[in-house]
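A quick write-up on the structure given underneath.
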Amino acid sequence: MRAAVVTSFDAPLKLQDLPTPSPGIDQVLVRLETSGLCHTDIHAARGDWPVKPTPPFIPGHEGIGIVEAVGPGVEAPGVGDRVAIPWLGEACGRCRYCVSGRETLCPTQRYTGYSMDGSYSEYAVASARYVVLVPDELSSLDAAPLACAGVTTYKAVKVARVRPTERVAVFGIGGLGHLALQYARIFGGSVTAVDVQAHKLELARELGAETTIDASTEDPAAAIQAAGGADVALALAVNPRSFAQAYASLRPGGRLVMVALPAEGVISLPIFETVLNAISVIGSIVGTRQDVAEVFQLHAAGRTRVIAQTRSLDQVNEAFEQVLSGEVLGRLVFQF
């Protein structure tokens with residue numbers, strides 16, 4: 001099979017011909033149709049975070065494909081089913097987090113494309129218990145970004161407890177942000193979109209943002225405060241400065257939800273203002289299998305729109321640079 005492999009943190013990915021893997025106990029073999037490019041894949045390939053993957057490995061965790069074979073012990077899914085291979089590769093299923101519906105906090109979980117080989121390949125093995133069935137109404141092109149960008153922002157809106165009429169400021173209208181603003185509106189929020197790219201702000205208006213702010217020409221926090229402040233700020237841009245701006249945009253009782261993971265990931269928060277204004281600072285990490293299923297159901301019902309551009313796997317290194325440039329509208333998706 002053809003795969004894009006991280007051989008070193010300081011070298012481009014290499015396209016290699018590798019043996020097609022066989023599914024083990026409780027695993028399925030998936031023939032990939034699409035795989036989205038998440039910024040996490042770039043962090044993984046460059047070893048940006050404190051806990052690093054071990055090269056060589058295959059990145060990718062927005063994989064959509066057809067089950068070609070099942071290993072011993074697998075009752076479902078079956079051969080021929082179309083499934084998503086998300087970030088949560090597997091978890092123990094027994095700890096306090098797993099049994100309480102918080103499996104993404106499992107201390108022994110494994111991450112697709114990080115601690116186990118991912119979906120930048122023609123075939124991948126995955127845990128049968130942690131893949132998610134894709135409804136027939138979804139194209140594989142749309143389903144790929146939903147498997148991570150969608151579920152990550154859907155979960156962020158959930159943990160923010162967005163209520164009808166609340167002002168939600170979305171910082172960063174990229175692969176995550178263009179979906180986040182749609183989920184915020186589904187929950188009844190009124191959205192202010194913040195970015196530095198005019199074409200992304202135009203997309204935000206098309207998707208229903210009531211207000212847009214170009215952070216390259218004005219201070220977004222000051223502009224939002226002048227309009228009364230935000231109840232919720234979603235920090236989705238891979239830039240620590242935007243996190244500080246998101247915090248500063250909040251009105252009393254506001255909630256800052258941190259989602260993006262910059263390589264240099266430290267911000268300073270004022271204790272006095274945080275306490276007196278009862279500000280909540282919340283970390284939100286992807287979503288559960290149930291969250292993925294709900295995201296798929298919303299899209300199948302016509303409630304969301306995915307903006308995606310296709311690439312071939314041979315273009316993987318070029319695609320990384322395009323994402324880092326900030327020019328990409330929506331999500332890049334590799335098609336096999």
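Can you give the convex hull volume of the alpha carbon atoms of segment 138-183 per residue, in Å³?
Each residue corresponds to 72 Å³ of Cα convex hull volume.
Suppose R0 equals 35 Å; then what is the FRET efficiency for residue 272 and residue 214 from their Cβ-Cβ distance, rounded to the nearest 0.05?
Plugging the Cβ-Cβ distance into 1/(1 + (r/R0)^6) gives 0.70.
With unit charges on the beta carbon (Lys/Arg positive, Asp/Glu negative), name the residue among 178, 162, 244 whose Cα is farthest towards the positive pole of the charge dipole of segment 161-283.
162
Okay, helix-only estimate at 222 nm for the chain: each DSSP H run of n ≥ 4 adds -39500 (n - 2.57), divide by all residues, round to 500 deg cm²/dmol; what do you get?
Computed mean residue ellipticity for the chain: -7500 deg cm²/dmol.
Distance between Cα centroids, segment 240-306 to segment 139-166: provide it in whole Å.
Cα centres, segment 240-306 to segment 139-166: 11 Å.
How long are the semi-axes of the ellipsoid equivalent to the chain, from square roots of 5 times the Cα gyration tensor eigenvalues, in whole Å, largest first?
Values: eigenvalues 224, 85, 72 Å².
So the equivalent ellipsoid measures 33, 21, 19 Å along its semi-axes.
Would you mind telling me which residue in 322, 245, 182 has the biggest mean-square fluctuation in a Gaussian network model of the chain, where springs connect alpha carbons within a distance under 10 angstrom?
Among 322, 245, 182, the largest mean-square fluctuation in the Gaussian network model of the chain belongs to 322.
For segment 244-307, take the alpha-carbon Rg, divide it by the Kirkwood Rh, and send me Rg/Rh.
Radius of gyration over Kirkwood radius for segment 244-307 works out to 1.11.
With viscosity set to 0.890 mPa s at 25 °C, what whole-number translational diffusion coefficient in µm²/s follows for segment 162-296 from Stokes-Einstein and a Kirkwood radius over Cα pairs? Please list the in-between numbers first.
Working: Rh = 14.8 Å.
The estimated diffusion coefficient comes to 165 µm²/s.
Mind checking the alpha-carbon convex hull of segment 91-240 and giving the volume per residue in Å³?
155 Å³
Just to be sure I understand: with springs between alpha-carbon atoms less than 10 Å apart, which residue in 17, 117, 48 has the highest mean-square fluctuation in the Gaussian network model of the chain?
17
At 0.36 nm per residue, minus the direct Cα-Cα distance, what do residue 26 and residue 202 gain on full extension? Give it in nm, one decimal, please.
On the way: separation 176, 0.36 × 176 = 63.36 nm, distance 4.57 nm.
Full extension from residue 26 to residue 202 adds 58.8 nm.
Could you check what % of the DSSP bridge pairs in the chain are antiparallel, to the nearest 5?
Approximately 50 percent, going by the DSSP bridge assignments.
Among 92, 148, rank each residue by its count of other Cβ atoms within 10 Å, from fewest to most, as a rough exposure measure. Mind showing how you got there, number by number?
Working: 92 14, 148 32.
Neighbour counts put them in this order, fewest first: 92, 148.
Please work out the FRET efficiency for the pair residue 95 and residue 314, using the Cβ-Cβ distance as r and a Förster radius of 45 Å; give the result to the nearest 0.05.
0.65
Give me the net charge of residue 317's neighbourhood, meaning all other residues with Cβ under 11 Å from the Cβ of residue 317; Lys, Arg count +1, Asp, Glu -1.
On the way: positive: 14, 311; negative: 314, 318, 321.
Local charge sum for residue 317: -1.
So which residue, out of 21, 12, 135, gets the largest mean-square fluctuation from a GNM of the chain using Cα contacts under 10 Å as springs?
Per the Cα network of the chain with a 10 Å cutoff, 21 tops the list.
If the viscosity is 0.890 mPa s and the temperature 25 °C, what Stokes-Einstein diffusion coefficient in µm²/s follows for segment 1-55 when Rh is the Kirkwood radius over Cα pairs?
Rounded, D is 186 µm²/s.
Please compute the modelled spin-label separation between residue 14 and residue 54, points set 7 Å along Cα→Cβ, answer in nm with one decimal.
Output for this residue pair reads 1.9 nm.
Only the coordinates and a few stated rules stand behind these numbers; no lab work does. What you are looking at is a predicted structure, and each value in this text was computed from that prediction instead of being measured. As a convention, Cβ positions derive from the backbone with ideal geometry for all residues, glycine included, and neighbour counts pool all protein chains shown.
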